[in-house]
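Asker: Quick one: the structure is below, questions incoming.
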Amino acid sequence: MKLWRRTKRAVPSDGTMGLMEHLAELRSRIIRSALAVAAGAVVVLFAYNSVLRFLTEPYLELCRRRQPGFCGLSYDSALDSVSLFTMDPVEGFTTRMRIATYGGIILGLPVILWQIWKFIVPAMHKNERRYAVSFIVSALALFASGGLLAFSTLGRAIEFLIEWSGDGVDQVFRVSSYIRLVTLMVIAFGIGFTVPVLLVFLQLIGVLTPKALLSVWRYAIVGVVFIAAAITPSGDPVSLASLSVPMIVLYFAAIGVGSLLTRRRRSAGEPID
């Protein structure tokens, strides 16, 4: 005899839920997502030293290929390692917790996206579900590609910043400042790479047309460069070029994809708002 049995929330016969049912469902999804982030954060905490070494790898590679003294006190050639410094007793602790939180979000992202999907999918039509999956997968892939590009060009960006700091300036990087730079670079590149997904979406709902986007391509290129300059945290030309050039390419790719999808929807008889 079972002493406990899982009960399911009653759903009205028409498939709809009231406000309280929606709030209860949302709370359940948020709690599960938070638990996934917390579990991921614990994993990162235990592997913190390895994660920190991974994040400083671009800086270490820069110090290895430049002349001795280029990285100042940060590089120990005998141990072949770079050191980051703290200027506050609690800085090391807060940086560790920040990295653990970011890592927890990354590791828990599949669970978070699954909970979001399960929450919104009952209100979507079949065609909307098909497009939603494509948009989510594309956005994730582009964001990850942008983050990887940011991380791969980080060494060149730091090299430019060190060279322009002056001959009499020694390099002593704070751990919190370095982690902030890495985080902002990854986020900036990731967001920049997901803009084409928004452009395709706007074309599908009829707010923009491929012809209109193509007619303003010169202004779009100038706008992309300005946006890349504004969101690039380091402000160096290496990062600016690394972000703006792919964004320009993705702009034209978004026009092509949007044109293809809108033609396909018209041929299938689907309405375009």
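Every read-out reported here was derived from the displayed coordinates using simple, explicitly stated rules and does not represent laboratory data. Predicted model, so just to flag it, every value in this text is computed and none were measured. Positions of Cβ are generated from backbone atoms using ideal geometry, with glycine treated the same way; all protein chains shown enter the neighbour counts.
Asker: At 4 °C and 1.567 mPa s, grab the translational diffusion coefficient of region 23-267 from Stokes-Einstein with a Kirkwood Rh over Cα pairs, rounded to a whole number in µm² per second. Don't jump to the answer; show the numbers that get you there.
Answerer: Details: Rh = 20.6 Å.
The diffusion coefficient I find is 63 µm²/s.
Asker: With unit charges on the beta carbon (Lys/Arg positive, Asp/Glu negative), name the residue among Phe135, Ser165, Val216 whose Cα is farthest towards the positive pole of the charge dipole of region 115-217.
Answerer: Selected residue: Phe135.
Asker: Work through the residues other than Arg65 whose Cβ is under 15 Å from its Cβ and net out their charges, Lys, Arg +1 and Asp, Glu -1.
Answerer: Spelling it out: positives minus negatives among the neighbours equals -2.
Asker: Would you mind checking which residues have amide H under 5 Å from Gly108's amide H? H placed 1.01 Å from N; only 5 or more apart, or other chain.
Answerer: none
Asker: Hey, what do the phi angles of region 37-42 turn into as Karplus ³J(HN,Hα) couplings, whole Hz, using 6.51/-1.76/1.60 and θ = phi - 60°, x for Gly and Pro?
Answerer: Taking θ as phi minus 60°, the curve returns 5, 4, 5, x, 5, 5 Hz for region 37-42.
Asker: Treat every Asp and Glu Cβ in region 23-267 as -1 and every Lys and Arg Cβ as +1, leave all other atoms uncharged, and give the resulting dipole magnitude about the Cα centre to the nearest 20 debye.
Answerer: Approximately 1620 debye in magnitude.
Asker: While we're looking at this one, here's another question. With +1 on the Cβ of every Lys and Arg and -1 on the Cβ of every Asp and Glu, and nothing else charged, how large is the dipole of region 78-183 about its Cα centre, in debye rounded to the nearest 20?
Answerer: 900
Asker: Shifting gears a bit: Might you report the magnitude of the Cβ-based charge dipole of region 140-273 about its Cα centre, with Lys and Arg at +1 and Asp and Glu at -1, to the nearest 20 debye? The partial results should precede the final answer.
Answerer: On the way: 9 positive and 7 negative charges, 151 e Å.
Result for region 140-273 is approximately 720 debye, rounded to the nearest 20.
Asker: What is the extension gain from Trp117 to Ser134, computed as 0.36 nm multiplied by their sequence separation minus the C-alpha to C-alpha distance, in nm to one decimal?
Answerer: Working it through step by step, the gained length comes to 4.9 nm.
Asker: Return the long-range amide H neighbours of Phe85 (sequence gap of 5 or more, or a different chain), with a cut-off of under 5 Å between placed amide H atoms.
Answerer: When sequence neighbours closer than 5 places are left aside, the close amide H contacts are Phe173, Arg174, Val175.
Asker: So, counting K/R as plus one and D/E as minus one, what does the shell of residues with Cβ under 15 Å around Met97 add up to?
Answerer: Residues close to Met97 contribute a combined charge of +1.
Asker: Glu61 to Ile205: FRET efficiency via 1/(1 + (r/R0)^6), r the Cβ-Cβ distance, R0 35 Å, to the nearest 0.05?
Answerer: Efficiency for this residue pair is about 0.20.
Asker: Once phi is turned into ³J(HN,Hα) by the Karplus curve 6.51 cos²θ - 1.76 cosθ + 1.60 with θ = phi - 60°, what whole-Hz value does each residue of region 234-245 show in order, with x for glycine and proline?
Answerer: Whole-Hz 3J(HN,Hα) from phi for region 234-245: 6, x, 8, x, 5, 5, 4, 5, 5, 8, 5, 5.
Asker: Taking H as built 1.01 Å from N, whose amide H comes closer than 5 Å to the amide H of Thr56, not counting residues under 5 places away?
Answerer: none
Asker: Mean residue ellipticity at 222 nm from the helices of the chain, using -39,500 (n - 2.57) per DSSP H segment of n ≥ 4 over the full residue count, to the nearest 500 deg cm²/dmol?
Answerer: -24000 deg cm²/dmol
Asker: OK, next. Quick one: Karplus J couplings for region 177-194, per residue in order, coefficients 6.51, -1.76, 1.60, θ = phi - 60°, nearest Hz, x for Gly and Pro?
Answerer: In residue order, the calculated couplings are 5, 5, 5, 5, 4, 4, 5, 5, 4, 5, 5, 4, 5, x, 5, x, 6, 8 Hz.
Asker: Given a Förster radius of 51 Å and the C-beta distance between Tyr219 and Ser165 as r, what FRET efficiency does 1/(1 + (r/R0)^6) yield to the nearest 0.05?
Answerer: 0.90
Asker: What does the extension gain come out to for Ala47 and Leu184, with contour length at 0.36 nm per residue minus their alpha carbon separation?
Answerer: That pair, Ala47 and Leu184, stretches by 47.1 nm at full extension.
Asker: Quick check: pseudo-label points 7 Å beyond the Cα along Cα→Cβ at Ala230 and Ser28, how many nm apart are they?
Answerer: Inter-label distance under the simple model: 4.2 nm.
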